[in-house]
């Protein structure tokens, strides 16, 4: 059921996702716009690459929180607009809110619509919707990162883990969650197209999380 409250929540979710944490933290504490260095993205990975872990960790956590918080706006809308908690209608609205937040991160109104790739915000979203599948994605991400040192490859692998998790490992009866998981794979492939090309050419940068702060690519 479409109400003023539900539409307002969607707008708020987009605005929440639009908060450019990487840009604002970079400018406030380092006088650096991370979009001008490294991969040019306003996300946690590029913040780690450009400014180091002191800036990268807060950006990552805040980007995850954006997705989690926006998705949980459904709880405050109430059952009259979304249906009972854990119902199909409620989950569908959670998905809509989470997607709005991810779109905000990709195209932030507060940063000239130049955002990041949305992986951390996506994770916050799935953390709110399917906690166990989200933890499985974390495990896969960490394992691949430790082996390869490629954040992009780890992100892509974790994204493909999610639909497998909600289909086979922690099966859910809500079809929209499975369909959304498949859409995640497509979105991550699209946003990581340049990374995939560099991986194929062997030119993708490896991330050293113990690297000191730098402002060069």
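Odds and ends about this structure:
- Hey, residue 148 over 13 Å from the mean Cα position of the chain (by Cα), at pLDDT below 95 and under 30 Å from residue 33 (Cα atoms) or not: yes
- Every pair of residues 6+ apart whose Cβ atoms lie under 7 Å, when the first sits in the stretch 194-217 and is modelled with pLDDT under 70 while the second is surrounded by 14 or more Cβ atoms within 10 Å (Cβ to Cβ) and part of a helix (DSSP H, G or I): 209/48; 209/53; 213/51; 213/54; 214/50; 215/50
- Wholly within the stretch 22-117, helices (runs of 4 or more DSSP H) carrying at least 2 residues that are surrounded by 20 or more Cβ atoms within 10 Å (Cβ to Cβ), at pLDDT 90 or above and more than 17 Å from the chain's Cα centre (by Cα): 44-51
- Residue within the stretch 130-143 that is touching a residue at least 60 places away in the same chain (Cβ under 8 Å), under 22 Å from residue 21 (Cα atoms) and part of a helix (DSSP H, G or I) present: no
- Residues that are in a loop (DSSP other than H, G, I, E, B) and more than 18 Å from residue 39 (Cβ to Cβ), drawn from the stretch 2-21: 2, 3, 19
The values are calculated or read from the model by the stated rules, or taken from the named source; none is laboratory data. What you see is a predicted model; the values in this text were computed from it and never measured. No Cβ is skipped: glycine too gets one built from the backbone with ideal geometry, and neighbour counts run over all protein chains shown.
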